[in-house]
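Asker: One structure, as structure tokens, below. Some questions next.
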Amino acid sequence: MSEKRNQVSRRQFLNYTLTGVGGFMAAGMLAPMVRFAIDPVLKTSAQSDMVAVADLSEISDEPTRIDWTIDQVDGWYESEVPKSAWVYKDENDDIIALSPVCKHLGCFVNWQGDESHPDQFYCPCHDGRYYKSGVNVPNTPPEEPLDEFEVRIDGQTLYLGQTKPHREA
Amino acid sequence: MLQKIYDWVDERVDITPLWRDIADHEVPEHVNPAHHFSAFVYCFGGLTFFVTVIQVLSGMFLTMYYVHDIENAWRSVYYLQTEVAHGQIVRGMHHWGASVVIVMLFLHTLRVFFQGAYKKPRELNWMVGVLIFFVMLGLGLTGYLLPWDNKAYFATQVTLEIAEGVPFVGEATKALLAGDPNIVGAQTLTRFFAIHVFFLPAALFALMAIHFIMIRKQGISGPL
Ligand code: HEM
Ligand code: FES
């Protein structure tokens, strides 16, 4: 046999085929399991609908805490989950619904929670503060404004949907 | 690249002898199906191991969704099978694999029996093999309850009745397995789960290690 035709030795050939076949079998075994495991990342979550949460007469230009529940389907477990928002009318009579979840590390903020800052949202965890608009006060721990809920008004009823980043973020 | 990484590690901790000990050994002609096709009977041990690996892997992945609570067990299995991508395949592997592994184990045992491979000096390994067989049956038995469907429930009821039939210690054994002298319920499921995924696999791994070490020490039994 000439040099050229002998480039792949018997040993190499066996190595390659065994590695190939073994790799194929391992992949066939593992692929379904891996896809199974990473399903939560690839699943498109069903967007939950807008929920009626309050009557417009309850809303003033002072942020008010509105509580409601949504039906949550969590895998095989269905439950009612509490939600809250700080809701008020701004100068243009537009409804603003802010998420109470602090953008620093996720505690709940309170309107006028700190006596020395009466017109701000206050987060008790690390003294984070936000203006009434939801924008974070510079030099306090949060680095972004509070999230906003999607707002819809139908007659006298206020509907809230998902949260999204603040309009000024 | 891979070679470089290997060399770098090998230079420092000398890993070559480790895998050489495991991978490098003679395969005698009489066990090689390429020489005598009838030697395929020697594959059943390896096939048992292969299916066991599938059981362990698929079982680990199943526990990502499975809950061992009577309110949720069935629903979580239903969910993973109908809503999760490839859930049917992963559960199917574990479900059917549980039977296939017993079949392989049985064929392996038949080969060892009819070739007389259990004779001196391999009696100890035969005993270890029998223990592995019991552990496998235990895994199948405890796993069967986990989906918490009707079949699982009533099969377990029967199993526990059988355990109760043992003279003297029957009632205690049943209570110990079921977690309650009279109820087949919440505590039965948690116990069976713990036995299925922690206690028996631990026993299985230990016994398999002993089995394989002994095989390496004694070698495969000679040609007939
Ligand atoms: C560490 C290893 C293992 C783990 C973590 C594990 C885990 C699980 C889990 C979470 C289930 C419930 C899910 C379901 O029913 O689909 C299950 C079921 C089951 N397991 Fe395992 N398992 C292991 C090994 C084994 C082995 C070696 C056998 C073989 C005898 C076995 C036999 C079964 C059976 C028969 C079922 C019921 C299957 C069904 O009804 O679909 N398991 N196992
Ligand atoms: S979590 Fe709100 S300030 Fe830190």
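Computed from the coordinates by the stated procedures, all read-outs in this text should not be read as laboratory data. Quick caveat: nothing in here was measured; it's all calculated off a predicted structure. Don't worry about glycine lacking a Cβ; one is built from the backbone with ideal geometry, like all the others, and counts go over all protein chains shown.
Asker: When each pair of different Cα atoms in region A:46-164 is counted once in the 1/r mean, what is the Kirkwood radius in angstroms, to one decimal? Kindly include the intermediate steps, with their values, before the conclusion.
Answerer: On the way: mean 1/r = 0.0668 Å⁻¹.
Hydrodynamic radius (Kirkwood, Cα pairs) of region A:46-164 is 15.0 Å.
Asker: Given the options A:Phe121, A:Phe13, A:Phe149, state which has the largest fluctuation in a GNM of chain A using a 10 Å cut-off (strictly under) for Cα springs.
Answerer: Highest fluctuation of the listed residues: A:Phe13.
Asker: Additional query: Determine the shape class of region B:69-224: with a ≥ b ≥ c the square roots of the Cα gyration tensor eigenvalues, call it rounded for a/c under 1.5, and otherwise prolate if a/b is greater than b/c, oblate otherwise.
Answerer: Oblate shape, in that a/c is at least 1.5 and b/c is the bigger or equal ratio.
Asker: Let me see the pair-distance distribution of the protein assembly as shown: every alpha carbon pair, 20 Å bin width, integer percents in order.
Answerer: 19, 34, 28, 17, 3
Asker: Then there's this: Taking 0.36 nm per residue of separation and subtracting the Cα-Cα distance, what length does fully extending B:Met64 through B:Ile213 add?
Answerer: 50.4 nm
Asker: Would region B:6-98 count as rounded, prolate or oblate if I go by the C-alpha gyration tensor, calling it rounded below 1.5 in a/c and otherwise prolate when a/b exceeds b/c, oblate otherwise? Please report the intermediate quantities before stating the final value.
Answerer: On the way: a/c = 3.89, a/b = 1.66, b/c = 2.35.
Because a/c hits 1.5 or more and a/b fails to exceed b/c, region B:6-98 counts as oblate.
Asker: At R0 = 35 Å, how high is the FRET efficiency between B:Phe205 and B:Arg111 if r is their beta carbon distance? Nearest 0.05 is fine.
Answerer: Values: r = 23 Å, r/R0 = 0.66.
Approximately 0.90, to the nearest 0.05.
Asker: Along the Cα→Cβ direction, 7 angstrom out, place labels at B:Trp8 and B:Asn32. What is the inter-label distance in nm?
Answerer: Between B:Trp8 and B:Asn32, the label points sit 3.8 nm apart.
Asker: Right, here's the next one. Find the centroid of the Cα atoms in region B:55-130 and in region A:18-38, then give the distance between the two in whole Å.
Answerer: Distance between centres, Cα-based: 18 Å.
Asker: Convert each backbone phi in region A:10-17 into a coupling constant with the Karplus relation 6.51 cos²θ - 1.76 cosθ + 1.60 (shift: θ = phi - 60°), then list the ³J(HN,Hα) values in order as whole Hz, x for Gly and Pro.
Answerer: Once θ is set to phi - 60°, the couplings for region A:10-17 become 4, 5, 4, 4, 5, 4, 5, 5 Hz.
Asker: Using a 10 Å cut-off around each Cβ, can you sort B:Val130, A:Val41 from fewest to most neighbouring Cβ atoms?
Answerer: A:Val41, B:Val130
Asker: Something else about it: Give me the one-decimal nm value for the distance between modelled label points at B:Leu224 and A:Lys43, 7 Å along each residue's Cα-to-Cβ direction.
Answerer: Taking the two extended label points, one gets 5.4 nm.
Asker: Could I ask something else about it? In whole Å, what is the distance between the alpha-carbon centres of region B:206-221 and region A:85-126?
Answerer: So the separation of the two Cα centres works out to 68 Å.
Asker: Give me the one-decimal nm value for the distance between modelled label points at A:Ser116 and A:Phe13, 7 Å along each residue's Cα-to-Cβ direction.
Answerer: 8.4
Asker: In which sequence would A:Lys89, A:Lys103 go, from the one with the fewest C-beta neighbours within 10 Å to the one with the most?
Answerer: On the way: A:Lys89 15, A:Lys103 22.
Neighbour counts put them in this order, fewest first: A:Lys89, A:Lys103.
Asker: Region B:1-28 to region B:173-189: how many Å between their Cα centroids?
Answerer: Distance between centres, Cα-based: 49 Å.
Asker: List, largest first, the extents of the alpha carbons of region A:51-117 along their principal axes, each in whole Å.
Answerer: 44, 30, 16
Asker: A:Val21 to A:Ser79: extension gain in nm, 0.36 nm per residue of separation minus the Cα-Cα distance?
Answerer: Once the chain is fully extended between A:Val21 and A:Ser79, it gains 16.1 nm.
Asker: Here is a follow-up. Rounded to the nearest 500 deg cm²/dmol, what is the calculated helix-only ellipticity per residue at 222 nm for chain B, with -39500 (n - 2.57) per DSSP H run of length n ≥ 4?
Answerer: After summing the helix terms and dividing by the residues of chain B, the value is -22500 deg cm²/dmol.
Asker: In addition: Would you mind giving the average projected area, over all directions, of the Cα convex hull of region A:2-42 in nm² with one decimal? Numbers along the way, then the final one.
Answerer: Working: hull surface 16.2 nm².
For region A:2-42, the mean projected area of the Cα convex hull comes to 4.1 nm².
Asker: If neighbour count is taken as other Cβ atoms inside 10 Å, put A:Tyr131, B:Tyr144, B:Tyr42 in order from fewest to most.
Answerer: A:Tyr131, B:Tyr144, B:Tyr42
Asker: Given the options A:Asp94, A:Asp154, A:Asp39, which has the most mean-square fluctuation in a GNM of chain A, springs set between C-alpha atoms less than 10 angstrom apart?
Answerer: Answer for the Gaussian network model of chain A: A:Asp39.
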